[in-house]
Amino acid sequence: MQSKIATLLIFCKQPRLNHGKQRLAANIGAEPAFSIAKALLECAIEDAKAWPGPVVISPSHSDQLLWAQSLLPTALVVPQPEGNLGDRIKDVDATLRGQGHERIIIMGTDAPVLNQHYLMAAAQQLSEFDVVMSAASDGGVTIMASSHPWPEIADLPWSTERLNEGLYSKCKSAGLKISYVDPSYDIDHEQDLHKLIIDLADDLRPARQRLLSLTRKILNKDESYA
């Protein structure tokens, strides 16, 4: 049996120049977006290190196993299979449930405003609800937590403004009890960086402070960040 504390599952991909963060890169350039992607990943790992329960890192490809393990040696690494995000979430979730993980909180690496308050609130609500989410301001979600296997979610409009609505409908149709923690947002566009500067101003976590400093330099076109 696994710990009764919820398992934190981080879906991630290895940051690479000109791969990922393309919407942000279109606004601020490929190299600054690459730097932001690396800093965002550090923030997610900062959350993982502070989590009191089991941690799982799920890289986007099996060839990233060693890289993923290096991020947090104490974490379990479970690579994502082929398929769209819904397929990959269901597969990794099922693998972990087969190993005895009962309550699983899924997060990505794009929402540095998330903190232990969000994650612990999700874990606590899983005692009463089957599914707990944090709605993103762009119509997506930044937290997907469940104490129950996910219904069929492969056909959802992933990476669109209709994801939260669609995911809610799928879970509701499957008879699952749903709750939400506070809303949040991803970093996808330049305007998100401007908001982030305000929201991280008083956040003393080291990785967040590094991200804050980097963001300020990029927005001020100070190339000393490189």
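Every number in this text was worked out from the coordinates using simple rules, so none of it is lab data. Keep in mind the model is a prediction, meaning the values are calculated, not measured. Please note: Cβ atoms are built from the backbone with ideal geometry, for glycine as well, and neighbour counts cover all protein chains shown.
Give me the net charge for the shell around S58: Cβ to Cβ below 11 angstrom, other residues only, Lys and Arg +1, Asp and Glu -1. Computed value for this residue: 0. Of the options (i) 51, 35, 34; (ii) 69, 43, 32; (iii) 51, 41, 41, only one is Cα extents along the principal axes in Å as computed from these coordinates, and that is (i).
When each of the peptides 130-136, 152-158 is scored by the mean number of other C-beta atoms lying within 10 Å of its residues, the order from highest to lowest reads 130-136, 152-158.
Sites counted here are trypsin sites (Lys or Arg not before Pro) in a DSSP loop (not H, G, I, E or B) having no more than 15 other Cβ atoms within 10 Å; the longest part of the chain that contains none of them is 5-161. Close lysine pairs were tallied over the range 7-218: pairs 8 or more places apart or on different chains with Cα atoms under 28 Å apart number 24. Charge tally around A6: other residues with Cβ under 10 Å, Lys/Arg +1 each, Asp/Glu -1 each, net +1. Within the chain, the selection of entire DSSP H helices by a Cα span of 18 Å or greater along the long axis and an average Kyte-Doolittle value of at least -1.0 returns 30-50, 85-98, 206-219. For GluC sites (Glu not before Pro), the sites in the range 41-85 that DSSP calls loop and that have at most 11 other Cβ atoms within 10 Å are E82.
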